[in-house]
Every structure is written in structure tokens, then in C-alpha cells.
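Here the structure comes first, spelled out in C-alpha cells, and everything after it is commentary.
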Amino acid sequence: MRRIPVLLVIFGAMGLWAVAQQGGFFQSYPGGTSKSVYKITQEKSAYPILLTMEIQPVAPDTFTVKTTNEVTGTRTDLERGVLEGLARAQLEVNSESLTALRKFLADIQPNTTYILPNGARFEAGERDRIAGVDVIRGVLTDPKKPEQRTLLALTLNKAVPFPPLLRIDERRGLLFVTVFTLELIEFAMRP
């Protein structure tokens with residue numbers, strides 16, 4: 001009975017890897033060995049999930065990809081929180097608004113507002129660095145989700161599989177509360 005949540009965690013990590021494939025990540029991967037570590041936090045769990053993706057070339061256009069996830073928590077948190085965290089990461093990374101935004105990624109400039117084809121709005125902010133990766137921070141809002149905003153950090157670095165920062169805030173009265181975060185906390189690349 002205890003093996004079911006572990007299998008679901010494995011499937012969740014595989015789902016995120018599948019999202020990277022769908023987004024053309026491996027078609028544009030620049031080659032070399034890379035390691036990306038993301039921390040997933042969510043309002044419903046006190047325990048963060050660490051998601052690691054390591055890519056190593058073994059031949060021209062052939063790579064070994066190793067994905068792992070790590071979380072420490074009580075039985076109750078592990079039962080509900082891990083699967084929810086990985087599933088939410090997959091949904092948010094593959095959202096309609098973020099998919100539309102990725103199509104224009106190369107054209108995004110700091111301090112500029114963009115209206116996406118699906119009606120969402122991205123307000124690009126300043127340039128920054130996260131885990132050594134150059135990014136442009138911004139805020140994504142979607143008219144289909146009026147009580148939510150997504151703080152994003154986008155990068156042109158083709159070796160980074162997911163946005164370096166994706167933070168979901170929900171309006172609670174007059175305040176916004178962070179309910180989910182996917183954040184790059186470590187990145188290494190070598191030829």
C-alpha cells in the first residue's frame with residue numbers, strides 16, 4: 001500500500017520530463033553536461049520537493065537524462081503533498097499562457113508589457129540572475145484567472161529545462177498569498 005505514493009511521485013517526475021520534451025527542450029539543447037535543481041514549495045505542505053535533472057552526452061545527439069526528486073516529510077504530507085506538488089508543477093509549466101509566452105521568448109525586452117494571443121498579459125520587469133542564469137523577471141496575469149498572478153523569471157538559456165522561477169500568488173482579500181513556487185536553486189553546465 002505504501003508503494004503507491006512512491007510510484008505516483010515517479011510518474012509525476014516523468015510527467016515534468018515529458019513537458020520538457022514537448023516544449024522542444026531537447027531539440028534546442030546546446031549539448032554538454034548540465035544539472036538543474038529546482039525547489040518546489042506549496043501552501044499545503046511544509047516540506048519542499050527538490051527536483052533534479054541531469055543531462056549527459058553519450059554520443060552526438062544522444063544523451064542520458066537522470067531525473068530525481070527528494071522530499072522529507074511526515075507520512076501524511078508525503079501522501080498528499082508530493083504528488084500534488086509535482087502535478088501542479090507540470091500543469092503550470094504547460095499552462096496555455098506560459099506556452100504562448102515561450103513562443104515570443106526571444107523578443108521579450110525588460111520593462112515592456114506584452115498581450116498574448118490568449119488574452120493574458122506579461123509585464124516584463126528587470127534583468128536579474130537566478131542560480132547563475134540570466135533572466136528577465138515579470139508578472140503574468142490571465143483574464144481566465146482574475147484572482148491569480150504568476151511571478152516569472154524567463155531565460156534564453158537553452159540548457160535550463162523549465163522557467164527559473166514560477167511563483168503562483170492568489171488574492172485573499174486585499175493581499176496576495178503565495179500558494180506554489182517552482183524555483184531554480186542550482187544550475188551547472190560544462191561542455
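Some notes on this structure:
- Residue exposure sequence - 55, 115 - by fewest surrounding Cβ within 10 Å: 115, 55
- Least to most buried among 45, 36 (fewest other Cβ within 10 Å first): 45, 36
- Comparing 152, 105, 116 in a Gaussian network model of the chain, where Cα atoms under 10 Å apart are tied by springs, the biggest mean-square fluctuation is seen for 105.
- Here residue 144 is the anchor, and the lysines within straight C-alpha reach of less than 23 Å, apart from those fewer than 8 places off in the same chain, are 103.
- Which of 30, 46, 140, positive extreme of dipole for the chain (C-beta unit charges): 46
- Backbone HN-Hα couplings from phi across segment 24-39 [Karplus 6.51/-1.76/1.60, Hz, Gly and Pro as x]: x, 4, 6, 5, 10, 4, x, x, x, 9, 9, 9, 10, 10, 10, 10
- Put in line by how crowded their Cβ is, counting other Cβ atoms within 10 Å and starting with the fewest, 65, 133 read 65, 133.
- Against the set (i) 22.7, 78; (ii) 20.5, 77; (iii) 16.8, 55, the structure's computed Rg and Dmax of the Cα atoms in Å falls on (iii).
- When you filter the GluC sites (Glu not before Pro) in segment 92-191 for DSSP loop state and at most 11 other Cβ atoms inside 10 Å of their Cβ, you are left with 147.
- If you run the Gaussian network model on the chain, springs between alpha carbon atoms under 10 Å, then out of 87, 46, 59 the most flexible one is 59.
- Of the trypsin sites (Lys or Arg not before Pro) in segment 65-174, those whose Cβ has at most 15 other Cβ within 10 Å and which sit in DSSP loop: 144, 158
- Each Lys and Arg adds +1 at its Cβ and each Asp and Glu adds -1 at its Cβ; summed about the Cα centre, segment 3-190 shows a dipole of about 80 debye.
- Working from Cα pairs under 8 Å separated by at least six residues, relative contact order for the chain is 23 percent.
None of the figures in this text is laboratory data; all of them are computed from the coordinates on show. Computed from a prediction, not measured in an experiment: that's the story for all the values here. Ideal geometry is used to build each Cβ from the backbone, glycine not excepted, and the neighbour counts take in all protein chains shown.
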